[in-house]
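This report concerns only the one structure given below.
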Amino acid sequence: MDATENNIVLQLRKVRKIFARDSVDKIIALNGVDLDVYDRDFVTVIGSNGAGKSTLLNIVAGVFPPERGGMVIIKGHDVTNLPEHKRAAYVGRVWQEPAVGTAGKLTIEENLCLALLRKHPRGLSSAIDKQRRQQFREQLASLGLGLEDRLNTPVKNLSGGQRQALALVMATIGNPAILLLDEHVATLDPRTAQTVLQLTAEIVHREQMAAIMVTHNMEVALRYGKRLVMMHKGRIVVDIGETDKKALTVTDLIAAFEQAAGEKFLDDTILLSSQE
Amino acid sequence: MDTIASVLSVSLYEGLVFGLVTIGVYLTFRFLTFPDLSVDSTFTLGGAIAGVLIVNGVNPFVATLGAFAGGLCAGLVTGFLNTELRISALLAGILMMVGLYSVNLRIMGGANVPLLREVNSFDVVAGLLGLGGGMVSSIIFVALVVLVFFLILNWFLRTEIGLALRATGDSEQMVRSLGTDTNKTVLLGCALSNGLVALAGALVAQNQGFSDVGMGIGMIVMGLAAVIIGEGLFHPKGIAPILLACLGGTFVYRLFLTIALRLGMPPGDLKLVTALLVIVVLAIPYVQKRLRHEWMPPAQRL
């Protein structure tokens, strides 16, 4: 991994996030995270509940800012204090729930149109025109799900898998710098999850974009992506690059975790979910 | 025959003018998922502003536009309470409904403003059409107003901004992540909605010859009932069908009320007619599915 300045897509510096600061329930969700994501990096992030995975994505997306002193830099722009809607040009995101990433009452083409405009201010020109419709049709055809013939179907009539596939296209259309995937196959049945994961890998490869994929599933984290990051108690404890990741097994991962975190790996949920 | 014609023409007039209220209610309830209950008071606000301006010698059309602008501002305040002060949508609407009651009294300087001796916009239109002020010219006038707003909304809701507004109620999170400040779409939607409602109030006040502090009571219930009837009867898909379903739902609703009144039902019973009508429209699809032994999800509580 060569760390020349111009191919870094995302830099996180000293990112901390504390919730319920003045109460007994104070939670240190992120406790000093430094992370560099490079051009065409596909990072899978794994960790147990409360490790800080979702908080990390929310910080990158701008849902909330990090604590003072932390920095978020995307493509050389300091976006630390930019609100979420002003980061749309940089960040594409797919959520766990299909109903969050797509607007159910709008049609497929209307959803895609909103996503296409991520880098442009919305104006008073007609949202859908022939040229855009043609572009959407081509984008959807590449999914191989037949959605290109259903541009006028309200999205709520699609299945969960189709909606997540559409959400994926929406998150990557308009060329954002980085794609954030927040356990985006967790609500799908195993076969559909496979399909959507396969699509994810294809799209990330084709669009040549950087991606961060949060998952609960160790095997998914091992099989997909070029780089693996493991989080624990608000810190990144394991960061494995492309060459080492290829030969990595679940046992190796647990050993790496125990060495780095200095404690026994006790999270059954991750082990169990690796056997799905 | 004459009775039927008069029932139909009254319902047509009311379906059109109150249809503006229904479209306003649809904007907030359905597109924004923002249950804005301030409608009762913004309807009166429209009547109050138009009434006072006309009494003070302002051109009636300008007065009507003034009422529209007043409604826009009231909607902005409701939206502001929600987006900037984080007051829940339901409570923001209720607070505006309560607060505006006093504002309306202040604007009118009393409980009502008589307009019978003033020249209002209906009189002007009747004069232009040479119809001498009957139901026909009233219908033509409100139909023109509704047509103008229908065309504007049918265009606007398909634009890029309109699309973002319509998506806001579906998934605010998504709309923000795709680059639209949903606080702004909520403000815009609330303003437009209440502008339309106030416009309807201004027209109703002029046609009935007075503005009254109680004239908006029940508007939110009417608007919701008409939305539900319109959706239940017409299953609209697309912007123009939705707008037409709002108008159609209002027409059917007013038709039932007019018939009930003509049958000699005391006005006090009309609320029950409203409730029964909404229950029937909501229950029909459920009963149909029951008869076909289709699976139904459990009842919703919110």
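For the protein assembly as shown, give the magnitude of the charge dipole about the Cα centre (Cβ charges: +1 Lys/Arg, -1 Asp/Glu; no others), in debye to the nearest 20.
The calculation lands at about 380 debye.
Mind checking which aspartates and glutamates have their C-alpha under 13 Å from A:Lys53, skipping anything on the same chain fewer than 8 residues away?
Partners found: A:Asp182, A:Glu183.
Counting only other chains, what is the mean number of Cβ atoms within 10 angstrom of the Cβ of each residue in peptide A:148-158?
1
Add -39500 (n - 2.57) for each DSSP H run of 4 or more in chain A, then divide by its residues: what number comes out at 222 nm, to the nearest 500 deg cm²/dmol?
Helix contribution divided over all residues of chain A: -10000 deg cm²/dmol.
Are there any residues in the stretch B:154-172 with a reduction of at least 20 Å² in accessible surface when going from the isolated chain to the assembly of protein chains? Probe 1.4 Å, please list them by number.
So the qualifying set is B:Trp155, B:Arg158, B:Thr159, B:Glu160, B:Ile161, B:Leu163, B:Arg166, B:Ala167, B:Asp170, B:Ser171.
What accessible area, in Å² to the nearest ten, does a 1.4 Å probe give for A:Leu35?
Counting only protein heavy atoms, the figure is 10 Å².
Over 5 Å intervals from 0, what percent of Cα-Cα pairs in the stretch B:216-302 sits in each interval?
For the stretch B:216-302, the pair-distance distribution reads 3, 13, 19, 21, 18, 14, 8, 3, 0.
For each pair in A:Lys17/A:Lys119; A:Lys86/A:Lys119; A:Lys86/A:Lys156; A:Lys86/B:Lys184, compute the distance between the two Cα atoms and list the pairs where it is over 18 Å.
A:Lys17/A:Lys119; A:Lys86/A:Lys156
Would you calculate a helix-derived [θ] at 222 nm for chain B, using -39,500 (n - 2.57) for each DSSP H run of n ≥ 4 and dividing by the full residue count, to the nearest 500?
One gets -25000 deg cm²/dmol as the mean residue ellipticity at 222 nm.
For the stretch A:60-183, which whole percent of the accessible surface, found with a 1.4 angstrom probe, sits on carbon and sulfur atoms?
Roughly 48 percent of what the probe reaches on the stretch A:60-183 is carbon or sulfur.
Could you give the distance between the Cα centres of the stretch B:180-201 and the stretch B:216-235, to the whole Å?
Spelled out, the Cα-based centre of one part sits 18 Å from the other.
For peptide A:105-117, how many partner chain Cβ atoms fall within 10 Å of a residue's Cβ, on average?
Partner-chain Cβ atoms within 10 Å, mean over residues of A:105-117: 4.
What is the extension gain from B:Cys73 to B:Ile152, computed as 0.36 nm multiplied by their sequence separation minus the C-alpha to C-alpha distance, in nm to one decimal?
Using 0.36 nm per residue and subtracting the Cα-Cα distance, I get 26.5 nm.
What percent does the relative contact order of chain B come to when contacts are Cα pairs within less than 8 Å and at least six residues apart?
34 percent
Need one value for A:79-92: mean number of C-beta atoms belonging to other chains within 10 Å of its residues' C-beta atoms.
Shielding by partners across A:79-92 averages 3.
Express in whole angstrom the spacing between the alpha-carbon centres of the stretch B:241-267 and the stretch A:157-233.
51 Å
Bins of 20 Å, beginning at zero and ending with the bin holding the largest distance: percent of Cα pairs per bin for the protein assembly as shown, please.
P(r) over the protein assembly as shown, rounded to whole percents: 19, 43, 27, 10, 1.
What accessible area, in Å² to the nearest ten, does a 1.4 Å probe give for A:Ser159?
Approximately 60 Å² for this residue.
Any chance you could check the Cα centroid distance between the stretch B:104-126 and the stretch A:111-155 for me, in angstrom?
That distance is 49 Å.
Can you tell me the order of A:199-208, B:51-60 when each peptide is scored by its average per-residue count of other Cβ atoms within 10 angstrom, highest first?
So the order, starting with the most tightly packed, is B:51-60, A:199-208.
Which three extents, in whole angstrom, do the alpha-carbon atoms of the stretch B:2-216 cover along their principal axes, largest first?
Taking the Cα atoms of the stretch B:2-216, the three principal extents are 56, 36, 31 Å.
Taking the solvent-accessible surface of protein heavy atoms with a 1.4 Å probe, what is the per residue accessible area of the stretch A:125-225 in Å²?
Accessible surface, normalised per residue, equals 42 Å².
The values are calculated or read from the model by the stated rules, or taken from the named source; none is laboratory data. None of the values given here were measured: they were computed from a predicted structure. Note that each Cβ is placed from the backbone with ideal geometry, even for glycine, and that neighbours are counted across all protein chains shown. These accessible areas exclude ligands, DNA and RNA; they are computed on the full protein's heavy atoms, side chains included. Shrake-Rupley method; radii C 1.70, N 1.55, O 1.52, S 1.80 Å.
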